[in-house]
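A.B. asks: Below is one structure. I have some questions about it.
Computed from the coordinates by the stated procedures, all read-outs in this text should not be read as laboratory data. Remember, predicted model here, so these are calculated numbers, not experimental data. Neighbour counts run over all protein chains shown; Cβ positions are idealised from the backbone, glycine included.
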Amino acid sequence: MQIEDKSPKFELGKRMLENEQLTSLSELFDIVPYTPVAKALGVNNQRLRNKIDDPRSFRVSEVLDLAVLLDVDAIKLFALLQETIKKSVPAEE
């Protein structure tokens, strides 16, 4: 899976993810452009935005494909998803 004319933003997103400088999936997509990722994953922009808003809706295959697109370890991407999900779920008292 390749993206034609990868923006330098992909490299920045990769570095920030690898250096654990991101705390949520939305922070990653503040850097990485939606359209080429959505196209590569076979979804439209709105569907990708919905998945970013609710990371539990990502399929495992989509996360793995995104890791390939960004050229990052999938485990780091799954960890970022987990952190995003933890932040969205209210803490139990």
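A.B. asks: Among the residues of region 34-51, count how many are buried (at least 19 other Cβ atoms within 10 Å of the Cβ) and either under 10 Å from the mean Cα position of the chain (by Cα) or free of Cβ contacts under 8 Å to residues at least 24 places away in the same chain (or both).
C.D. replies: Step one: list which residues in region 34-51 are buried (at least 19 other Cβ atoms within 10 Å of the Cβ), which gives 37, 41, 48, 51.
Okay, now just the ones that are also either under 10 Å from the mean Cα position of the chain (by Cα) or free of Cβ contacts under 8 Å to residues at least 24 places away in the same chain (or both), so 37, 48, 51.
Qualifying residue count, region 34-51: 3.
A.B. asks: Collect the residues in region 22-45 that are touching an Asp or Glu at 6+ places or on another chain (Cβ under 7 Å) and part of a loop (DSSP other than H, G, I, E, B), keeping them in residue-number order.
C.D. replies: Listed by number, the residues that qualify are Thr23, Ser24.
A.B. asks: Return the total of residues in region 62-87 being out of contact with any Lys or Arg (no Cβ under 8 Å at 6 or more places or on another chain) and β-branched (Val, Ile, Thr).
C.D. replies: The qualifying residues number 4.
A.B. asks: Next up: Considering only residues that are within 19 Å of Lys14 (Cα to Cα) and of a type in the set (Gly, Ala, Ser), which ones fall in region 39-79?
C.D. replies: Listed by number, the residues that qualify are Ala40, Ser61, Ala67, Ala74, Ala79.
A.B. asks: State yes or no: is Val63 touching a Phe, Trp or Tyr at 6+ places or on another chain (Cβ under 7 Å) and in a helix (DSSP H, G or I)?
C.D. replies: Yes, satisfied.
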